[in-house]
Amino acid sequence: MEERAYKEKMRLSIQANLDAYKTSLERNKLGQFATPTVLAREVLAYGLSLLPEEQGIRFLDPAIGTGSFYSALLETIGDRLLKAAKGYEVDPHYGEPAKQLWEDHSLDIELADFTRAKPSANSFNLLICNPPYVRHHHLESDEKRRLQAEGRAAAGVKLSGLAGLYCHFIALAHRWMSASGIAGWLIPSEFMDVNYGKELKRYLLEEVTLLRIHRFDPSDVQFDDALVSSAVVWFKKDKPPAGHIVEFSYGGTHAAPAISRGISALELANEAKWTRFPRQEVRVALNTPILSDLFDIRRGIATGSNDFFILSREKIERLQLPMECFRPILPSPRYVSADEIDADEQGNPILSQSLFLLDCRLPEHELMKRYPSLGRYLESGKEEMMSRYLCKSRPIWYRQEDRRPSPFVCTYMGRGNSRSGRPFRFLLNHSRAVAANTYLMLYPKPHVAERLHGRPDTLRRIWESLNNIRAESLMSEGRVYGGGLHKMEPRELAMVSATEISRLINRLGSF
Ligand SMILES: C[S@@+](CC[C@H](N)C(=O)[O-])C[C@H]1O[C@@H](n2cnc3c(N)ncnc32)[C@H](O)[C@@H]1O
């Protein structure tokens with residue numbers, strides 16, 4: 001067997017052995033998930049293609065593990081000159097065997113924390129890294145402050161306290177790159193959409209020349225054991241030229257993406273959600289109506305404990321609890337198969353599961369006097385409930401938020417590859433049931449409510465229009481997790497374009 005292939009085989013077997021010695025919790029702490037060989041080779045081949053043919057390669061991997069990228073470099077470098085290769089690994093469990101594996105090669109592995117290493121300035125023209133995906137809440141606050149200060153000094157990047165370790169790696173690595181050097185970072189795509197990613201995106205647009213972002217299809221998870229949706233971000237350490245266009249690719253493989261499209265840097269600067277590219281167009285009109293022009297969108301009620309505060313009719317009857325202290329509430333979306341919720345004469349939803357929310361406003365002593373059975377029920381859970389933040393912080397620990405039912409509710413968590421191809425559903429709620437926080441509730445704004453009053457047909461047409469919103473438009477406002485799980489926060493649903501619904505409502509105004 002050829003030496004390079006033999007080494008890669010050895011490396012994979014060492015990697016598997018080393019991984020087996022660690023629990024997934026331990027590996028999560030240091031973000032220890034290796035890059036698959038095929039992907040590592042595609043990444044290296046691409047990185048090399050971005051550097052001028054005649055340029056010798058000075059390679060750096062700040063989180064090298066057993067050296068998957070270095071191995072891929074040897075496989076793809078051809079007859080180009082490898083001038084230097086360096087890697088950092090903080091964990092000797094991986095670092096020591098990696099050092100041994102590569103000792104007869106030109107790879108210099110330092111067993112040290114990259115974020116504390118002193119940069120050999122401007123040294124490397126090919127930086128490739130799958131940095132540790134350590135979330136901010138696993139970083140001690142002193143450590144966070146140190147990383148923030150150093151990132152600012154290194155690259156002028158002011159990362160927020162919510163940024164994961166991988167963002168700090170990118171900022172700190174800036175100094176290690178030579179002018180016009182190339183970097184390829186395999187990182188979670190989350191930064192493209194969330195607030196803490198803003199500063200990283202600014203860096204990518206202003207401090208360097210962002211060349212390409214390839215995003216993997218989240219339903220095709222790249223790393224068997226890490227539930228993340230990843231992207232490869234490519235940039236060159238040069239200020240961007242005027243009128244610069246960035247390539248966005250998606251799905252398929254890094255080498256042969258399913259879709260790709262150029263997006264101008266100017267448009268990127270105006271767009272908060274980069275994961276809409278390349279599948280979605282650039283937003284055209286800035287003053288098109290959005291859902292928050294028509295609805296107040298709120299997450300459903302946070303009860304403090306659904307198990308304790310939401311009861312079935314049978315349980316209420318069995319415990320002889322007073323029905324007047326309960327109001328109907330929708331079961332979780334997976335138990336609601338129909339999209340339209342009809343009501344009985346009392347306004348209770350007609351569903352296979354009848355659930356009620358304990359919603360009593362009486363102070364405790366009065367409740368005990370008036371409803372002893374309910375008093376006993378509350379006593380049985382009081383100690384546990386009082387240990388929970390939500391119950392503890394309420395003026396009356398069992399008192400629920402004062403909420404009206406809403407005519408439209410949205411299931412805001414789902415998979416894009418579900419049978420319908422739609423991760424989110426809008427339900428038309430004819431009942432007086434409220435919803436828990438597994439739903440988003442859409443309350444028509446007063447000017448809309450006024451026009452809808454006494455017009456059930458229009459209510460239905462609006463509901464149909466909500467369900468006609470293209471799945472991609474909804475998905476591009478929300479966020480996506482590994483395994484293709486899509487989620488939408490109220491303020492993300494609020495941003496979805498509502499042209500058709502707005503037209504419908506405006507037409508009503510002229511009646
Ligand atoms: C996602 S893995 C990638 C490993 C390898 N480059 C690959 O692609 O297969 C990240 C590696 O970074 C190491 N690491 C975590 N924190 C580090 C730090 N502060 N400095 C250097 N290495 C670190 C972890 O131990 C782990 O081996």
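The values are calculated or read from the model by the stated rules, or taken from the named source; none is laboratory data. Keep in mind the model is a prediction, meaning the values are calculated, not measured. A quick note on method: Cβ atoms are made from the backbone with ideal geometry, for glycine too, and the neighbour counts reach across all protein chains shown.
Structure summary
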item	result
Some residue of region 41-59 being crowded, with 17+ Cβ neighbours inside 10 Å and touching a Cys at 6+ places or on another chain (Cβ under 8 Å)	no
Matching residues, region 171-196, being without any contact (Cβ under 8 Å) to a residue 40 or more places away in the chain and in contact with a helix residue (DSSP H, G or I) (Cβ under 8 Å, 6 or more places away or on another chain)	Ala171, Phe191
Matching option when the condition is in a strand (DSSP E or B) and under 15 Å from Gly300 (Cβ atoms), among Leu440, Leu493	Leu440
Selection from region 1-26 of residues that are acidic (Asp, Glu) and surrounded by 16 or more Cβ atoms within 10 Å (Cβ to Cβ)	Glu8, Asp19
Those strands (runs of 3 or more DSSP E) lying entirely in region 45-131 with at least 2 residues of a type in the set (S, T, N, Q)	none
Residues located in region 71-123, provided they are aromatic (Phe, Trp, Tyr) and over 30 Å from Lys144 (Cβ atoms)	Trp102
Criterion: surrounded by 15 or more Cβ atoms within 10 Å (Cβ to Cβ), more than 30 Å from Ser249 (Cα to Cα) and among the polar types (S, T, N, Q) - qualifying residue of Ser393, Ser380, Ser354	Ser354
Answer from Asn125, Asn130 - the residue that is in the same structural domain as Ile77 (by TED's automatic domain parsing), polar (S, T, N, Q), surrounded by 24 or more Cβ atoms within 10 Å (Cβ to Cβ) and under 28 Å from the mean Cα position of the chain (by Cα)	Asn130
Test for Leu311: is it farther than 30 Å from Pro446 by Cα, touching a strand residue (DSSP E or B) at 6+ places or on another chain (Cβ under 6 Å), among the aliphatic types (A, V, I, L, M) and assigned by TED's automatic domain parsing to the domain that holds Gln353	yes
Selection count, region 30-81, where residues are of a type in the set (Ser, Thr, Tyr), near the ligand (Cβ under 9 Å from one of its atoms) and modelled with pLDDT of 95 or more	3
Flag if Tyr88 is in contact (Cβ under 8 Å) with a residue 40 or more places away in the chain and within 16 Å of the ligand (Cβ to nearest atom)	no
Flag if Ala242 is modelled with pLDDT under 90, surrounded by fewer than 14 Cβ atoms within 10 Å (Cβ to Cβ) and in a loop (DSSP other than H, G, I, E, B)	yes
Verdict on Gly251 being within 25 Å of Ile182 (Cα to Cα), at pLDDT below 90 and under 20 Å from the mean Cα position of the chain (by Cα)	yes
From the options Glu96, Glu89, Glu103, Glu75, residue that is acidic (Asp, Glu), closer than 19 Å to His254 by Cβ and either surrounded by fewer than 22 Cβ atoms within 10 Å (Cβ to Cβ) or assigned by TED's automatic domain parsing to the domain that holds Ala179 (or both)	Glu75
Among (1) outside any helix (DSSP H, G or I); (2) touching a helix residue (DSSP H, G or I) at 6+ places or on another chain (Cβ under 9 Å); (3) more than 12 Å from the ligand (Cβ to nearest atom), the one test that Lys144 misses	(1)
Residue identified as more than 28 Å from the chain's Cα centre (by Cα) and β-branched (Val, Ile, Thr) among Val434, Val448, Val409	Val448
Subset of region 251-273 that is touching an Asp or Glu at 6+ places or on another chain (Cβ under 7 Å) and outside any loop (DSSP other than H, G, I, E, B) - its residue that is surrounded by the fewest Cβ atoms within 10 Å (Cβ to Cβ)	Gly262
Condition check for Tyr412: surrounded by fewer than 20 Cβ atoms within 10 Å (Cβ to Cβ), of a type outside the set (A, V, I, L, M, F, W, C) and in contact with a strand residue (DSSP E or B) (Cβ under 6 Å, 6 or more places away or on another chain)	no
Qualifying residue in region 107-127 (condition: within 16 Å of the ligand (Cβ to nearest atom), without any contact (Cβ under 8 Å) to a residue 24 or more places away in the chain, within 21 Å of Arg202 (Cα to Cα) and among the charged types (D, E, K, R))	no
